[in-house]
Amino acid sequence: MDVSVQFLTDELNRKGIRPSYQRIKVLEYLHQKEGHPTVEEIFQQLAPHIPSLSKTTIYNTLRALVEAGLVRSISIDDIETRYDLKLVNHCHFQCDACGAIFNFSIDIDNIPIAELKQFQVKEKNVYYKGLCPKCLSPKPIEE
Ligand SMILES: [Zn+2]
Ligand SMILES: [Zn+2]
């Protein structure tokens, strides 16, 4: 999804985050790539265009965006935290072979869990792992 700089500036302002150039770029990247990038990936993509950018800046920006509720952090593989713009509750499937992460939806908001009746749930994460269709069939299936 392509979004205007004005839209991103407004979004940051609304959340009380100063819309610096680097913050806008990080948020813009998350809007454009509908994946689940890591700090490393974001850095690799943006660094050539923003010479002053550091991984620390990206990390701090993402932390602010997560705190503001604009971005969600997911730690599906315990190795690296990934960042996800999609804030509607959804689930993730990670392929063991290629590492790709897919979104899928189940109605997690309406699963009654008796054991948690007295708890306040702030976040719901569901992770599935396995093999994606591409890795399951490296060659076209012959009929
Ligand atoms: Zn795969
Ligand atoms: Zn996702």
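Among the residues of the stretch 111-143, what is the count of those that are under 20 Å from the mean Cα position of the chain (by Cα) and either at pLDDT below 85 or part of a helix (DSSP H, G or I) (or both)?
Final tally of qualifying residues: 4.
So, in the stretch 94-110, how many residues would count as being within 12 Å of ligand 2 (Cβ to nearest atom) and either under 22 Å from LEU70 (Cα atoms) or at pLDDT below 85 (or both)?
Initially, the stretch 94-110 is screened for residues within 12 Å of ligand 2 (Cβ to nearest atom), giving 94, 100-105.
Now restrict to residues that are either under 22 Å from LEU70 (Cα atoms) or at pLDDT below 85 (or both): 101-105.
Residues in the stretch 94-110 being within 12 Å of ligand 2 (Cβ to nearest atom) and either under 22 Å from LEU70 (Cα atoms) or at pLDDT below 85 (or both): 5 in total.
Filter the stretch 82-110 down to residues that are charged (D, E, K, R) and assigned to a strand (DSSP E or B) and give me whichever is nearest to ligand 1 (Cβ to nearest atom).
The initial filter retains those residues of the stretch 82-110 that are charged (D, E, K, R), namely 82, 84, 86, 96, 107, 109.
Next cut, assigned to a strand (DSSP E or B) only: 82, 84.
Details: ARG82: 16, ASP84: 19 Å.
Going through the qualifying residues, I end up with ARG82.
What are the residues in the stretch 62-111 that are of a type in the set (S, T, N, Q) and free of Cβ contacts under 8 Å to residues at least 12 places away in the same chain, if any? Reasoning before the result, please.
To start, the set of residues in the stretch 62-111 that are of a type in the set (S, T, N, Q) comprises 73, 75, 81, 89, 94, 103, 105, 110.
Those that are of a type in the set (S, T, N, Q) and free of Cβ contacts under 8 Å to residues at least 12 places away in the same chain: SER73, SER75, ASN110.
Looking at SER4 and the list (1) more than 16 Å from ligand 1 (Cβ to nearest atom); (2) surrounded by 14 or more Cβ atoms within 10 Å (Cβ to Cβ), which single condition is not satisfied?
Answer for SER4: the failing condition is (2).
The values are calculated or read from the model by the stated rules, or taken from the named source; none is laboratory data. In this text, all values refer to a predicted model and were calculated from it rather than measured experimentally. Please note: Cβ atoms are built from the backbone with ideal geometry, for glycine as well, and neighbour counts cover all protein chains shown.
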